[in-house]
1. Given the options B:G101, B:G53, B:G28, state which has the largest fluctuation in a GNM of chain B using a 10 Å cut-off (strictly under) for Cα springs.
2. Leaving out ligands, DNA and RNA, and with a 1.4 Å probe, what % of the accessible surface on the stretch B:1-53 is carbon or sulfur?
3. Sorted by accessible area (1.4 Å probe), largest first, how do A:W93, B:W85 line up?
4. Charges only on Cβ, +1 for Lys and Arg, -1 for Asp and Glu: so what's the dipole of chain B about the Cα centre, in debye to the nearest 20?
5. Using the alpha-carbon centroid of each, what span in Å lies between the stretch B:24-83 and the stretch A:55-86?
6. What are the membrane-span-like helices in chain B by this rule: whole DSSP H runs, Cα extent along the axis at least 24 Å, mean Kyte-Doolittle hydropathy at least -1.0?
7. Identify, among B:L82, B:G67, B:G101, the residue whose Cα sits farthest towards the positive end of the charge dipole of the stretch B:8-111, taking +1 on the Cβ of Lys and Arg and -1 on the Cβ of Asp and Glu, with the dipole about the Cα centre.
8. Across peptide B:13-19, how many C-beta atoms of other chains are within 10 Å of each residue C-beta, on average?
Number of protein chains: 2
Amino acid sequence: MLNQTPPLDRVFHALADPSRLAMVERLGQGPAPVSELAQPLSMSLPAVLQHLGVLEAAGLIRSHKQGRVRICALEIQTLGRLDAWLAAQKSEWERRLDRLGDYLDAIARSDA
Amino acid sequence: MLNQTPPLDRVFHALADPSRLAMVERLGQGPAPVSELAQPLSMSLPAVLQHLGVLEAAGLIRSHKQGRVRICALEIQTLGRLDAWLAAQKSEWERRLDRLGDYLDAIARSDA
DNA sequence: GGAGTAGTTAGGCAAATGCTTAACCAAACG
DNA sequence: CGTTTGGTTAAGCATTTGCCTAACTACTCC
């Protein structure tokens, strides 16, 4: 249970490792136990756990214990934060294109 | 001029630093010289240049020299790659919700 | 042409990162 | 209950990262 929202750069950082990216993609298809997430990766289990810790700290996943099995699940709203950030950049970019369009229109009009 | 597309994790990594994130956001509003990008950051110019190198290697920006001034500009299509990745995760997630919805419908029907 | 300005390169350092092994804990199973 | 399985913790190491300073190059301006 996180008390605060991790900064965006920490979310990007969590996705900045191929193994962590792969695990997030797998979890997009549904919750999975640690051992399943670890299976395709050629690394030790403590290394996998460390990666999962990074993802959890970034708010990208959450996990709970079921007996001796730890189930991990994606936190989709954190991906939504990335989406929102991208949308903000896109709208800023489109505003620029609009202004450029207006400028080109004004030039065409003053030429006609 | 990059010969190959940087892997997604390298793009995420490039955004995983607050200073680099801030510079990308600034460039969303239009091209800017290095000195302007450096101004709000409290760090040495070589450090700024190193960060810009990371962004350029990740395909997020491109730059060119105008006399002694280096102008940097955003590569919006690389942000589009992130968008596409997020969209893929979202559609996977929504497919899961649809399947859950179907399952719940089937239960409601067999109860009626 | 000299001084100032904008950037570039090289080398170095401390901290962070991404692994490892070893030892341990806890649940499940026969 | 003993063994197996799934995970956890701690410590350590090599590499990477994110800075720095110093020295340099190149352009602009007077």
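The values are calculated or read from the model by the stated rules, or taken from the named source; none is laboratory data. What you are looking at is a predicted structure, and each value in this text was computed from that prediction instead of being measured. Don't worry about glycine lacking a Cβ; one is built from the backbone with ideal geometry, like all the others, and counts go over all protein chains shown. In case anyone asks, the SASA skips ligands and DNA or RNA and just uses the protein heavy atoms, side chains included. Shrake-Rupley method; radii C 1.70, N 1.55, O 1.52, S 1.80 Å.
1. Checking each option, the largest mean-square fluctuation is seen for B:G101.
2. Values: 1520 of 2850 Å².
Within the stretch B:1-53, the accessible surface is 53 percent carbon and sulfur.
3. Values: A:W93 55, B:W85 20 Å².
Ranked from most to least accessible, the order is A:W93, B:W85.
4. Taking the Cα centre of chain B as origin, the dipole is about 560 debye.
5. Centre-to-centre (Cα) distance: 31 Å.
6. B:76-111
7. B:G67
8. On the way: counts 5, 2, 9, 10, 4, 4, 1.
Neighbouring Cβ atoms belonging to other protein chains average 5 per residue here.
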